[in-house]
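Reading through the structure tokens given below for one structure.
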Amino acid sequence: MSGFTETLVGAPSGGTFDRAVDHVSRFLGLAVGNLYLIAAFCTMWEVVARYVFHSPTQWVFEVVMVLCASAWMLSAGFVTLQKRHIGITVFYLMVSERTRWWLDLFAMVVGVIALYMLTSDTLVRALESIDLVERGGSAWNSPLPMMLKTILFAGLFLYLVQLLVNLGRHFRAHVLQVTVYAVLALVCLRLLVQIFAHYGEGGGGMWVNLEEYLHEASGSVIDQFRVDRDSVGIATISLLIVAALLVLMMTGMPLGIVTLIISVVCALAFYGLQGMYLVSTNAMDLLEKYPLIAVPFFVLMASILERAGIAQDLFDAMSIFAGGLRGGVAVQTTVVAVILAAMSGVMGGEIVMLGLVALPQMLRLGYDRKLTIGLICAAGALATLIPPSIVMIVYGLSANVGIGDLFSAGFIPGLMLAVFYVSFVLIRCNLNPTLAPTAAEIALKTGEETKLGRHQIAAVVMCVALIFCVMGSIYGGITSVTEAAAVGVFGAIAVAAVRFKFNYALLRDCLANTMAVVGTIIWLILGAVAFVGLYNLIGGADFMRQLIKGAGLGPLGTIFVMMAILVVLGTFMEWIAIIFITVPVFAPVVRDLGPALGMTPAVWFGILFVMNIQIYFLSPPFGPACFWLKSVAPKDVTLQEIFISVIPFIFLQIIGMLLVMFFPQIALWMPQALN
């Protein structure tokens, strides 16, 4: 194994049963990563078949859906074993080690309860679908719904089993470990009873009677806690839900579990045991979202480019064009950031690449520390706005807005911010020449001149060609976003091959990294989708919309309030959770404001939303971009110094967002021209 894969996999620990479960989770996690490459190949074949052979396929869509859904769900055990689920750990890290132990215990117990309830109900839906051999009704008419429901159950079961093993490992006392394993045995027995009873239905027998008894007993217990939502009122329910969200998030509990347990509790409280059908149906809907498949493809493309060292080539190439500008290396860093953003759409990887390549170089050449640090964070965050942005993909799915329109609308605002950063750096450097040297001063100081080899020149040219192919095919309507992302994967492989970096170890590590990153994201989205669907069903979204409309703030005033809410949420919540919790409430309100604003505002608001998320990525005290840079920065670069350094660039981002707010054509000109 390579160093990266060894770090990701680790070594087995615990008893024989623990090690067996851990090995299954590791094997499945690393194995299903290969499904992304197969899915990308199938998607690219669809493009080739359509345009080269003029014979579009009927099978690619459904095969790719099954492959990616399998990778999402079957990586659950691995992600849980590695404890990679996303949570808000700032307050968690501030408490004592003993308190953290109790918080971990609480999180795992809550997770087990939520996952068991959802797994049990999903099993019933999967068995019913298998009996019917449920088909999608497409031209190929494959049993897609049946397979997706079965895969969802398998993923939930793996998640539940691995979480129980983690819980047993959490205890030192043997009696408590045995108790956890007894609970696991009871869970498995309960699921077996459901299976045996389902296939013995109609014929009576022990299993059917036992299942009926257990179902009625649990239903009667839950009915004692039923709540009449009309008597309580949606306003009170909303306040209680928000309070529960905040409290659970502050414990460091994985955000996917937070939203999932609240969904389960609300379903049981308002609809009884039958309400679990609503939660499992909402979770199932996630697996049918074809545009979401673009996310693992873009992550894989970014991972290949990162490990191929393309950032160094781009950085060297741009240094040749920086000329004698004072602060030219800062300018080239921004240009490289724009190019990387247009190739990957993954902000975390871009900041890490810039932190490894540009930060040491700029500090070595005598650039001002705060200017350098702030620029790298801000320029790296451009991947949020410059297409292909994963944030835009997730927003488009949640708001039901065309992802291609969002991509074209984000291009000009992204370049505008890049120009702001370059102008800010050049103005400051010329007002205060001690902040940055010129190219001549750098050559005199280092005694080196940057030269590019043939393979580096070819790699840079291919990167530009890759951007043109991926984004041009989307803007030109030649391919969908997902198809363009698949083509981009093989374009990235070609770039790595030109640099003589492509080999089996690189591909294996990239697939493992993609599996881990996407597996982490998908469970957060699943919990958020389940929560939002149920909250909308009980009238929460309508209540929030009426609350916002009734404030009498006017169109722009309403938009300002929404932006302020996003800023507040961004101080303690992950961006995916922000999108799935707020967009279903905000998007209909914004659509209703269209006549007053004199336009169709869905795409425009989407860009404002993404620009706000970009501000969140930099904002202290929880800005992820700052933590990503800290993870690769020299040891003498403190987190406090990073927070101080990004403040001027946050102001530039706010100015950019206000310009787009008051002059919508900055965002809307390009999609209107392309349409």
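The values are calculated or read from the model by the stated rules, or taken from the named source; none is laboratory data. Predicted model, so just to flag it, every value in this text is computed and none were measured. Glycine gets a Cβ as well: all are built from the backbone with ideal geometry, and neighbour counts include every protein chain shown. What goes into the accessible areas is simple: the full protein's heavy atoms, side chains included, and nothing from ligands, DNA or RNA. Shrake-Rupley method; radii C 1.70, N 1.55, O 1.52, S 1.80 Å.
For the reader, a short list of remarks on this structure follows.
- Test for residue 617: is it in a helix (DSSP H, G or I), closer than 25 Å to residue 408 by Cβ and at pLDDT 80 or above: yes
- Matching residues in segment 45-58 - criterion: being more than 16 Å from residue 485 (Cα to Cα) and surrounded by 14 or more Cβ atoms within 10 Å (Cβ to Cβ): 49, 50, 57
- Restricting 315, 270, 298 to residues that are in contact (Cβ under 8 Å) with a residue 40 or more places away in the chain, part of a helix (DSSP H, G or I) and crowded, with 24+ Cβ neighbours inside 10 Å narrows the list to 298.
- Residue in segment 212-230 that is assigned to a loop (DSSP other than H, G, I, E, B), buried (at least 17 other Cβ atoms within 10 Å of the Cβ) and not acidic (Asp, Glu) present: no
- Failed condition for residue 635, given (1) out of contact with any Ser or Thr (no Cβ under 9 Å at 6 or more places or on another chain); (2) part of a helix (DSSP H, G or I); (3) open to solvent by 30 Å² or more (accessible area, probe 1.4 Å): (2)
- Considering 129, 142, 138, the condition of being more than 28 Å from residue 256 (Cβ to Cβ) and touching a Lys or Arg at 6+ places or on another chain (Cβ under 7 Å) is satisfied by 142 alone.
- Applying the criterion of being open to solvent by 40 Å² or more (accessible area, probe 1.4 Å) and in a helix (DSSP H, G or I) to the residues of segment 566-596, the residue that is nearest to residue 247 (Cα to Cα) is 568.
- Residue in segment 336-343 that is surrounded by 22 or more Cβ atoms within 10 Å (Cβ to Cβ), modelled with pLDDT of 75 or more and touching a Ser or Thr at 6+ places or on another chain (Cβ under 6 Å) present: no
- For segment 255-264, the count of residues that are assigned to a helix (DSSP H, G or I), closer than 23 Å to residue 282 by Cα and open to solvent by 60 Å² or more (accessible area, probe 1.4 Å) is zero.
- Scanning segment 72-84 for residues that are in contact with a helix residue (DSSP H, G or I) (Cβ under 6 Å, 6 or more places away or on another chain), open to solvent by less than 70 Å² (accessible area, probe 1.4 Å) and outside any helix (DSSP H, G or I) gives a single hit, 75.
- Residue that is nearest to residue 473 (Cα to Cα) [pool: residues in segment 340-350 that are out of contact with any Pro (no Cβ under 9 Å at 6 or more places or on another chain) and not in a loop (DSSP other than H, G, I, E, B)]: 340
- Among the residues making up segment 363-389, those that are in a helix (DSSP H, G or I) and surrounded by fewer than 23 Cβ atoms within 10 Å (Cβ to Cβ) are 363, 364, 369, 370, 371.
- When 203, 256, 275 are checked against the criterion of being modelled with pLDDT under 85 and small (Gly, Ala, Ser), 203 stands alone in meeting it.
- Spans of helices (runs of 4 or more DSSP H) in segment 454-550 with at least 3 residues surrounded by 22 or more Cβ atoms within 10 Å (Cβ to Cβ): 454-475, 481-498, 504-537
- Residue match in segment 185-205 (condition: closer than 23 Å to residue 254 by Cβ, buried (at least 17 other Cβ atoms within 10 Å of the Cβ) and without any contact (Cβ under 8 Å) to a residue 24 or more places away in the chain): no
- Considering (1) open to solvent by 40 Å² or more (accessible area, probe 1.4 Å); (2) out of contact with any helix residue (DSSP H, G or I) (no Cβ under 7 Å at 6 or more places or on another chain); (3) of a type outside the set (Val, Ile, Thr); (4) at positive phi, the lone condition that residue 554 does not fulfil carries the number (1).
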